[in-house]
Amino acid sequence: MRKKLLLGNWKMNKTPSEAKQFALLSKDMVDNAVANNIDLGVAPTYVCLQTVKENATKNLIVAAQNVHAADHGAYTGEISIPMLKEIGIDWVILGHSERRTYDNETSEKCNAKIKALLANDMIPVYCCGESLETFEAGKTASFVEEQIRKGFEGLTPEQAAKVVVAYEPIWAIGTGKNATKEIAEETIASIRAVLRDMFGKVAEEIRILYGGSVKPNNIAEYMSEPDIDGALVGGASLELASYQALIENLR
Ligand code: 13P
């Protein structure tokens with residue numbers, strides 16, 4: 001039985017003091033949800049990671065939004081795995097469509113990062129998803145299959161089981177045009193079929209999230225689908241009341 005997971009991707013929002021406020025006020029809410037067997041997390045910007053980690057309950061997963069595959073070196077502007085580990089961060093989002101679009105993040109780069117994270121006992125959240133053009137051309141399944149095959153390339157089944165996948169159609173991100181639960185389920189089931197082909201029965205253990213305009217009023221629809229294990233949420237994860245409403249409707 002896969003455990004439900006709600007992850008808030010804060011993107012480039014919240015200053016450290018705003019992030020600290022959220023962390024302090026979220027404690028009871030998070031502890032209650034975790035007691036109900038739901039995993040909850042947020043992904044703040046790098047400069048907010050430590051303050052959220054220190055001021056939230058230890059039950060809150062705190063994820064970075066990116067990492068470099070190398071341990072150290074001449075990579076101006078980058079952050080390494082040992083840096084994250086030292087401040088207690090062990091989850092990292094990779095391959096978000098915004099990073100693929102604006103920062104030349106490729107599935108091959110993500111594959112190197114996934115391997116480096118797993119070697120450090122950390123959990124990658126690997127994002128995939130197609131553009132509107134690809135969706136309208138009916139090529140979603142093959143496009144996403146390629147992202148999954150490249151991202152998971154060379155992993156053992158035991159390693160693959162530890163990765164979380166997030167399917168986020170680009171046309172649904174921040175647009176208010178969320179994919180229907182049927183579309184999300186169809187693509188997520190196709191992702192699981194690719195993982196089954198690559199890794200066998202551990203594919204049943206891999207958590208796959210839907211993301212793209214998930215709101216308190218539509219999250220329950222996704223959770224009713226057999227292959228959808230939770231949500232990666234942008235805008236609706238920023239305010240405590242809305243995050244709380246997401247949790248309530250996720251159960
Ligand atoms: P929105 O929930 O704001 O559409 O963002 C989705 C997303 O990109 C999460 O990573």
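Points to keep in mind about this one:
- Dipole moment magnitude, nearest 20 debye, the chain about Cα centre, only Lys, Arg, Asp, Glu C-beta charged: 380
- Filter on K27/K177; K85/K113; K115/K162; K20/K58; K3/K201; K113/K215 - keep pairs with C-alpha separation over 22 Å: K27/K177; K113/K215
- Counting neighbouring Cβ atoms within 10 Å and putting the fewest first, the residues D71, D229 line up as D71, D229.
- Each peptide in 62-69, 79-86 receives the mean, over its residues, of other Cβ atoms within 10 Å, and ordering these scores from highest gives 62-69, 79-86.
- Arranged from fewest to most other beta-carbon atoms within 10 Å of their beta carbon, Y167, Y102, Y126 become Y102, Y126, Y167.
- In terms of the mean number of neighbouring beta-carbon atoms within 10 Å, the peptides 112-121, 193-202 order highest first as 112-121, 193-202.
- Net charge of neighbours whose Cβ lies under 10 Å from the Cβ of S190, counting Lys and Arg as +1 and Asp and Glu as -1: -3
- 10 Å beta-carbon shell around P169, net charge (K/R +1, D/E -1): -1
- Global form of the chain, assessed from the alpha-carbon gyration tensor, a/c cut-off 1.5: rounded
- Counted charge near V202, where neighbours are those whose Cβ lies closer than 13 Å (Asp, Glu -1; Lys, Arg +1): +2
- This ranking places E130, E205 by how few other beta-carbon atoms lie within 10 Å of each, fewest first, which gives E205, E130.
- Label point distance in nm, A137-K201, each placed 7 Å from Cα along Cα→Cβ: 3.9
None of the figures in this text is laboratory data; all of them are computed from the coordinates on show. Computed from a prediction, not measured in an experiment: that's the story for all the values here. Here Cβ is always computed from backbone atoms with ideal geometry, including for glycine, and neighbour counts include all displayed protein chains.
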